[in-house]
Amino acid sequence: MSATAPKKAPLPDDIRARKGGVPLVSLTAYTTPMAQMMDPHCDFVLVGDSVGMVLHGLPSTLGVTMEMMILHGQAVARGLSGAMMVIDMPFGSYERSREQAFDNAARLMAETGAGAVKLEGGVAMAETIAFLVARGIPVMAHVGLTPQSINTLGGYKVQGRGAAGDAMMADAKAVAAAGAFAVVLEKVPQTLADAVTAAVDIPTIGIGASAGCDGQILVVDDMLGLFTAFKAKFVKRYAELGATGADAIAAYAEDVRARRFPGPEHVFADTAPEPRK
Ligand code: KIV
């Protein structure tokens, strides 16, 4: 293969086969330009329901709808060619029954072209995961801090500390046995994340977990410094685009008020310049 040959998007089985290998790289995306930016660098891109908080100003992910996920999924799909797209099932779209989960997962995949869906929950969701996988829907699971359950978890706390570690381990094992091709571990102690990674035969994708996971994911607006409402301990800011953008907007406003913008180079003459011979 030449160095410039386009990368082919991995399938869920390719992701599964990366267990224990070079760590999988992933970010969330919600728009075409962001997806284009990360496509050469990511193994998979998640259209996360975090879109509700980082782009729509919602206080949690609970208000995210199927229609929002589909619109953002379609935008992200237009920006990807080499990375697989995974899309989140929003709160309320899969918990009631296996059939409800199938209908909504099939709709998300058909209308966006996603290669897989992600849903939150461990033991309680294992039967649903097995039902979907048996019917052609690859599932990425998500255990530990599951933001759609903040009202029963009591907030965005670290999950699985102390005795609760056994239940978290059981959740991860249940989703792996049910056929999930990978599992996100969110906000769990490092030693537990390492123990889960050793115990399950599918890749663990850490977010606030451990460098020992089989892959890592971050919310792109967090790592670029675009979402500044709060910063979780597990976020590393690789840029401060929010601050840079705010400075740029302030400079534009000053220029407009002082009539410095537009300058001569931004306006048009009455007549078009002569074509060059
Ligand atoms: O919605 C999301 O962004 C997620 C990641 C935090 C894993 O589920």
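Using θ = phi - 60° and the Karplus form 6.51 cos²θ - 1.76 cosθ + 1.60, what ³J(HN,Hα) does each residue of segment 126-134 get, whole Hz, x for Gly and Pro?
4, 5, 5, 4, 4, 4, 5, 4, 5
Quick check: net charge around Ala209, other residues with Cβ under 14 Å of its Cβ, Lys/Arg +1 and Asp/Glu -1?
Values: positive: Arg161, Lys187, Lys233, Lys236; negative: Asp171, Glu186, Asp194, Asp214.
Here the charged neighbours net out to 0.
Please report the relative contact order for the chain, taking Cα pairs under 8 Å with a sequence separation of at least 6, and give it as a percent rounded to a whole number. If you can, show how the numbers build up before the last one.
On the way: 518 pairs, mean separation 43.5, N = 277.
Answer for the chain is 16 percent.
In angstroms, what radius of gyration and Dmax does the chain have, counting Cα atoms only?
21.5, 81
Residue by residue through segment 183-200, what is 3J(HN,Hα) from phi via Karplus (6.51 cos²θ - 1.76 cosθ + 1.60, θ = phi - 60°)? Round to whole Hz and write x for glycine and proline.
9, 7, 10, 10, 6, 10, x, 4, 5, 5, 4, 5, 5, 5, 4, 6, 8, 10
Efficiency by 1/(1 + (r/R0)^6): what FRET value for Gln190 and Lys7, r their Cβ-Cβ distance, R0 = 30 Å, to the nearest 0.05? Please list the in-between numbers first.
Values: r = 31 Å, r/R0 = 1.04.
About 0.45, to the nearest 0.05.
I'd like the distance separating the alpha-carbon centroids of segment 172-195 and segment 82-129, in whole Å.
Centre-to-centre distance over Cα atoms comes out at 17 Å.
Quick check: net charge around Ala105, other residues with Cβ under 12 Å of its Cβ, Lys/Arg +1 and Asp/Glu -1? Kindly include the intermediate steps, with their values, before the conclusion.
On the way: positive: Arg98, Arg107, Lys118, Arg135; negative: Asp88, Glu99, Asp103, Glu111.
Charge balance in the 12 Å sphere: 0.
Using DSSP to call loops (not H, G, I, E or B), can you name the trypsin sites (Lys or Arg not before Pro) in segment 173-244 whose Cβ has at most 10 other Cβ atoms within 10 angstrom?
Qualifying residues, ordered by number: Lys233, Lys236.
Between Arg237 and Asn151, what is 0.36 nm times their sequence separation minus the Cα-Cα distance? Round to one decimal in nm.
Taking Arg237 through Asn151 to full extension adds about 28.2 nm, to one decimal.
Describe numerically, in nm with one decimal, the distance between label points set 7 Å from Cα along Cα→Cβ at Val123 and at Arg161.
My value for the distance between the label points is 2.2 nm.
Could you pull out the GluC sites (Glu not before Pro) across segment 176-262 that fall in loop regions by DSSP (anything but H, G, I, E, B) with no more than 15 other Cβ atoms inside 10 Å? Please report the intermediate quantities before stating the final value.
Values: sites: Glu186, Glu240, Glu254; in loops: Glu240.
Here the sparse-neighbourhood loop sites are Glu240.
Using only Cα atoms, find the angle between the long axis of helix 164-178 and the longest principal axis of the chain, and express it within 0 to 90 degrees, rounded to the nearest 10.
Once rounded, the angle reads 90 degrees.
Quick one: length gained pulling Asp247 to His56 fully straight, 0.36 nm per residue minus the C-alpha distance? Don't jump to the answer; show the numbers that get you there.
On the way: separation 191, 0.36 × 191 = 68.76 nm, distance 2.20 nm.
Stretched fully, the Asp247-His56 segment lengthens by 66.6 nm.
Whole angstrom only: what separates the Cα centroid of segment 199-277 from the Cα centroid of segment 39-75?
Centre-to-centre distance over Cα atoms comes out at 17 Å.
Please state the charge dipole magnitude for the chain, taken about the Cα centre, from unit charges on C-beta atoms (+1 on K and R, -1 on D and E), reported in debye and rounded to the nearest 20.
For this selection, approximately 320 debye.
Just so you know, all these numbers are worked out from the coordinates, no wet-lab data involved. Predicted model, so just to flag it, every value in this text is computed and none were measured. As a convention, Cβ positions derive from the backbone with ideal geometry for all residues, glycine included, and neighbour counts pool all protein chains shown.
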